[in-house]
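To keep things clear, I will list the structure first and then write my remarks on it.
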Amino acid sequence: MSYRESWKEEKRSAFLYRIIAEKEKGSLRETLFLGLAREAERQAEIWARKMNESSMPVPASYAPGLRVRLVAALVRRWGPKALRTPLTAMKIRGLSVFDAAPPGHPMPSSVDEIGQRHKGTKSGGNLRAAVFGVNDGLVSNASLILGIAGATNDPHVIVLSGIAGLLAGAFSMAAGEFVSVRSQREMYEYQIGLERDELAEYPKQEAEELALIYQAKGLSEKEAHDLAKKLIGDPEKALDTLAREELGLAPESLGSPWGAATFSFLSFACGALIPLSPFLIIAGRRALLGSIGLTAAALFVIGASLTLFTGKNAFWGGLRMLGIGSAAGGVTYLIGRLMGVSLN
């Protein structure tokens with residue numbers, strides 16, 4: 001990145017920090033983002049000096065572009081928390097202060113404690129994703145199969161439709177997950193590259209930014225500066241923490257795009273196979289009743305399983321999911337029935 005682009009990026013960050021501070025007026029976060037705006041201005045001055053030293057013209061002033069003005073308008077309307085992703089992509093730091101600290105997890109007081117509470121959370125996220133993936137496949141393919149079964153009694157058409165629904169849904173989910181995770185990784189890699197360069201170029205300013213964030217999270221000024229100083233002294237730990245505290249990114253939660261796509265494909269396919277399986281073994285009314293019975297049982301189990309993440313009553317959670325799935329299946333069956341009658 002050229003000196004001019006680096007200058008422009010820091011001026012853009014300072015402009016957006018002030019917009020966020022304006023939105024957070026009266027809170028500790030206002031102080032944080034005003035401080036980050038000042039640090040961004042100081043860093044812009046460093047790049048301006050480098051341009052002067054290289055006999056490059058320094059812009060007289062900074063004029064925000066259309067994208068920056070749009071994001072600023074959205075921040076004024078909806079607040080920075082709702083705009084975290086575009087703000088992070090535009091090099092806005094300190095957004096981790098909008099994370100609610102879980103009970104029993106105080107602020108770190110040493111470098112070794114940084115990031116400890118984030119470890120070991122990935123498996124729980126995978127389990128949740130698996131449950132939702134199976135549920136998506138189950139409800140969507142059961143609704144499709146019931147809709148087709150309402151329109152025709154031909155078992156070949158029902159099976160073909162069920163297989164098509166399974167494959168189309170699974171590939172769609174896999175493609176969506178791949179693009180989503182790949183985009184997250186690309187943003188992380190780009191932002192962490194910027195942090196690495198800035199850490200090498202002006203470590204003191206990076207330490208100051210980090211100290212401001214820790215103060216906004218509850219540490220005293222001395223504690224925040226001591227911790228930031230120790231942290232910046234360890235480049236590997238510093239990069240990891242800057243990603244978490246300045247960018248609000250958790251590197252271990254990003255995962256592999258191919259892994260996420262495969263996981264999504266399989267979980268959706270497993271769910272979609274449940275209502276289809278009776279039609280692969282038997283035919284006629286018995287297959288339809290078997291599909292309805294298996295789907296109902298699976299819906300109840302999934303609904304009960306979701307209460308592991310919500311803490312609600314498992315029985316009522318199962319009934320609720322059964323009710324939602326039954327409504328979706330019933331409506332599509334009736335639509336299929338009406339379409340079948342109409343076409344015949």
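Given the conditions (1) closer than 22 Å to S6 by Cα; (2) of a type in the set (D, E); (3) surrounded by fewer than 13 Cβ atoms within 10 Å (Cβ to Cβ), which single one is not true for E221?
(1)
Of the numbered conditions (1) open to solvent by 40 Å² or more (accessible area, probe 1.4 Å); (2) assigned to a helix (DSSP H, G or I), K312 satisfies every one except a single condition; which is it?
(2)
From the list A200, A207, A238, which one is open to solvent by 70 Å² or more (accessible area, probe 1.4 Å), free of Cβ contacts under 8 Å to residues at least 40 places away in the same chain and among the small types (G, A, S)?
Going through A200, A207, A238 in turn, the sole match is A200.
Of the residues in the stretch 61-95, how many are open to solvent by less than 90 Å² (accessible area, probe 1.4 Å), free of Cβ contacts under 8 Å to residues at least 24 places away in the same chain and part of a helix (DSSP H, G or I)?
5
Among the residues of the stretch 122-138, is any outside any helix (DSSP H, G or I), at pLDDT below 85, open to solvent by 40 Å² or more (accessible area, probe 1.4 Å) and of a type outside the set (S, T, N, Q)?
There is no residue in the stretch 122-138 that is outside any helix (DSSP H, G or I), at pLDDT below 85, open to solvent by 40 Å² or more (accessible area, probe 1.4 Å) and of a type outside the set (S, T, N, Q).
Check A170 against each of (1) in contact (Cβ under 8 Å) with a residue 40 or more places away in the chain; (2) more than 30 Å from A328 (Cα to Cα); (3) part of a helix (DSSP H, G or I) and name the one condition it does not meet.
(2)
Quick one: which residue in G193, G176 is without any contact (Cβ under 8 Å) to a residue 12 or more places away in the chain and either over 27 Å from A304 (Cβ atoms) or among the small types (G, A, S) (or both)?
Answer to the selection: G193.
Condition first: over 29 Å from the mean Cα position of the chain (by Cα) and open to solvent by less than 30 Å² (accessible area, probe 1.4 Å). Can you find one or more residues in the stretch 254-268 that meet it?
Checked against the condition, which is being over 29 Å from the mean Cα position of the chain (by Cα) and open to solvent by less than 30 Å² (accessible area, probe 1.4 Å), the stretch 254-268 yields no hits at all.
Identify, by number, the condition in (1) in contact (Cβ under 8 Å) with a residue 24 or more places away in the chain; (2) not in a loop (DSSP other than H, G, I, E, B) that V58 doesn't meet.
Only one criterion is unmet by V58, namely (2).
How about the stretch 270-296: which of its residues are among the aliphatic types (A, V, I, L, M) and surrounded by 21 or more Cβ atoms within 10 Å (Cβ to Cβ)?
Listed by number, the residues that qualify are A272, L276, A287, L288.
The values are calculated or read from the model by the stated rules, or taken from the named source; none is laboratory data. Because the structure is a prediction, the values reported are computed rather than measured. All Cβ positions, even for glycine, are placed from backbone atoms using ideal geometry, and neighbour counts span all protein chains on display. The protein model used for the area step is the full one, side chains on, heavy atoms only, and it has no ligands, DNA or RNA in it. Shrake-Rupley method; radii C 1.70, N 1.55, O 1.52, S 1.80 Å.
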